[in-house]
1. Which numbered condition trips up residue A:139, out of (1) over 15 Å from residue A:73 (Cβ atoms); (2) open to solvent by less than 30 Å² (accessible area, probe 1.4 Å); (3) not acidic (Asp, Glu)?
2. Quickly run through the range A:5-36 and pick out the residues that are open to solvent by 50 Å² or more (accessible area, probe 1.4 Å) and over 24 Å from residue B:59 (Cβ atoms).
3. Filter the range B:24-44 down to residues that are more than 15 Å from residue A:44 (Cβ to Cβ), over 16 Å from the mean Cα position of the chain (by Cα) and at the interface with another protein chain (Cβ under 10 Å from one of its Cβ atoms), then give me how many there are.
4. For the range A:72-87, enumerate the residues that are of a type in the set (S, T, N, Q), touching a helix residue (DSSP H, G or I) at 6+ places or on another chain (Cβ under 9 Å) and open to solvent by less than 30 Å² (accessible area, probe 1.4 Å).
5. Exactly one condition in (1) surrounded by 14 or more Cβ atoms within 10 Å (Cβ to Cβ); (2) in contact with a Pro (Cβ under 9 Å, 6 or more places away or on another chain) is false for residue B:123; which is it?
6. Only one of A:6, A:21 is in contact (Cβ under 8 Å) with a residue 12 or more places away in the chain, within 13 Å of chain B (Cβ to nearest Cβ) and in contact with an Asp or Glu (Cβ under 6 Å, 6 or more places away or on another chain). Can you tell me which?
7. Quick one: in the range B:85-111, of everything that is over 15 Å from residue B:144 (Cα atoms) and in a loop (DSSP other than H, G, I, E, B), which residue is farthest from the chain's Cα centre (by Cα)?
8. Between A:196, A:111, which is outside the structural domain of residue A:80 (by TED's automatic domain parsing) and surrounded by fewer than 18 Cβ atoms within 10 Å (Cβ to Cβ)?
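The values are calculated or read from the model by the stated rules, or taken from the named source; none is laboratory data. What you see is a predicted model, and the numbers here were worked out from it, not measured in a lab. With ideal geometry, Cβ positions are generated from the backbone for all residues, glycine too; neighbour counts draw on all protein chains shown. With ligands, DNA and RNA removed, areas are computed over all heavy atoms of the protein, side chains included. Shrake-Rupley method; radii C 1.70, N 1.55, O 1.52, S 1.80 Å.
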There are 2 protein chains.
Amino acid sequence: MSQTVTAAMVVIGDEILSGRTKDRNVGFVADYLTNLGIDLKEVRIVSDDQQDIVDAVNALRHRYTYVFTSGGIGPTHDDITAESVSAAFNLPCIHHPEAMALLEARYAEMDTEFTESRKRMARTTKGAELIENPVSVAPGFRIENVHVMAGVPKIMQAMMDSIAPTLKGGVKMISRTVDCPHGEGRIGEPLSTIQDANPHTMIGSYPRYVDGKYSTQIVVRGRDKDLVDAAHATVEAMVAEISS
Amino acid sequence: MSQTVTAAMVVIGDEILSGRTKDRNVGFVADYLTNLGIDLKEVRIVSDDQQDIVDAVNALRHRYTYVFTSGGIGPTHDDITAESVSAAFNLPCIHHPEAMALLEARYAEMDTEFTESRKRMARTTKGAELIENPVSVAPGFRIENVHVMAGVPKIMQAMMDSIAPTLKGGVKMISRTVDCPHGEGRIGEPLSTIQDANPHTMIGSYPRYVDGKYSTQIVVRGRDKDLVDAAHATVEAMVAEISS
């Protein structure tokens with residue numbers, strides 16, 4: 001008999017509780033873990049308050065196999081997740097040498113000053129392992145069973161892809177992307193039909209608005225390469241038909 | 001100096017944690033309470049498990065001025081919010097006489113049998129006051145500072161309107177509705193522009209798909225009648241322009 005693998009999520013951020021930003025990470029993580037065969041058992045949304053974060057992380061990390069946090073790892077003063085998670089573990093919060101090197105190289109490449117506030121993005125709990133961020137370099141980190149991720153959905157999602165193969169019963173998630181030159185309004189309905197017809201894949205759409213023009217990045221994820229390829233082909237055909 | 005009025009929310013339902021249903025209530029309640037001047041401080045999403053619901057309600061009701069729950073008050077076996085909240089208060093869970101009368105009248109009117117499972121929707125904690133449900137009759141209830149509401153967004157929202165005038169510092173929320181004969185895809189962008197231009201109102205859109213046709217109900221809410229009227233007029237003009 002296989003052991004049930006469980007998880008909890010902590011969403012960190014005043015902007016979610018005030019309503020200014022609408023959370024999109026809970027739904028994504030819920031789908032993602034279900035797809036991996038991991039049971040998401042509880043979610044807490046807490047404010048940018050160290051004690052609240054410490055209490056949530058400590059209540060959940062002993063109770064579930066994994067904890068995932070999102071939010072609060074940026075460069076500003078109210079990004080306090082790294083020190084809060086460190087406090088939960090009663091461990092020092094440090095500038096992780098590997099993260100410092102990654103960010104230093106990144107800012108040198110962009111010919112941008114690597115300021116003290118940008119260095120905040122290299123902070124982790126002492127002893128943590130980095131979680132790769134293929135979108136914007138600044139990494140997340142894992143300490144014991146707690147995974148600390150960004151709040152920006154696209155980055156959080158890429159971090160989940162980095163984490164997935166390391167989880168118990170976790171398998172590599174395959175993802176394929178379609179760049180769609182239309183806004184979500186035009187593709188929402190056909191995309192929903194494709195999702196219904198492809199239940200073993202997760203199809204996400206991420207709107208962009210650049211230079212006065214709407215477009216959408218459509219990402220198809222799943223564990224089975226053939227099913228992902230099939231859904232991806234259907235999405236491509238749909239986009240081509242709308243564009244023609 | 002006025003006292004800060006705080007709140008927490010408990011979202012109840014396996015379907016949210018599995019990803020099958022995407023929560024839309026947290027964002028709504030966050031906006032709504034911000035508009036009333038009440039600080040939403042914490043949200044917990046828990047499964048359909050009595051102990052988990054009891055733990056969440058008891059952890060939050062002593063800590064914040066108000067607790068709002070959504071979900072788990074329907075007629076099926078997994079709707080266990082009424083008995084769980086009762087257990088949290090160590091009070092009996094009863095069929096509330098007033099709720100029974102409301103539902104009995106409703107089902108008589110519809111010439112539909114008032115079955116045992118439908119009677120489940122009349123359950124409340126003993127001593128609770130009902131929360132009116134103008135959408136589908138089956139009420140929510142309040143016991144001390146805990147407000148038990150439906151999970152269906154449209155019903156939950158109507159219940160918030162019923163509750164608002166009873167809250168400390170709470171004022172009556174004014175709402176006006178526009179029936180729009182187009183899907184969200186066509187009105188999403190102009191509606192977002194109108195929302196930005198009317199920051200003191202909350203504009204929600206609720207898509208419908210009936211007889212193969214998309215339409216949208218647009219609801220403008222706010223505390224100030226003049227501001228709500230102005231935003232409502234702008235929405236009406238936008239819908240008229242698209243329709244012409």
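1. Failing condition for residue A:139: (1).
2. A:20, A:21, A:22, A:24, A:34
3. Summing the residues that are more than 15 Å from residue A:44 (Cβ to Cβ), over 16 Å from the mean Cα position of the chain (by Cα) and at the interface with another protein chain (Cβ under 10 Å from one of its Cβ atoms) in the range B:24-44 gives 1.
4. Restricting attention to the range A:72-87, the residues satisfying the condition of being of a type in the set (S, T, N, Q) are A:76, A:81, A:84, A:86.
Okay, now just the ones that are also touching a helix residue (DSSP H, G or I) at 6+ places or on another chain (Cβ under 9 Å), so A:76, A:81, A:84.
Hits for the range A:72-87 are A:81, A:84.
5. So the condition that residue B:123 fails would be (2).
6. Numbers: A:21 fails: in contact (Cβ under 8 Å) with a residue 12 or more places away in the chain.
Matching residue, one of A:6, A:21: A:6.
7. Restricting attention to the range B:85-111, the residues satisfying the condition of being over 15 Å from residue B:144 (Cα atoms) are B:94-111.
Checking the rest, the ones that are also in a loop (DSSP other than H, G, I, E, B) come to B:96, B:110-111.
On the way: B:96: 20, B:110: 24, B:111: 27 Å.
Here the residue is B:111.
8. Numbers: A:111 fails: outside the structural domain of residue A:80 (by TED's automatic domain parsing).
Criteria check complete, one pass: A:196.
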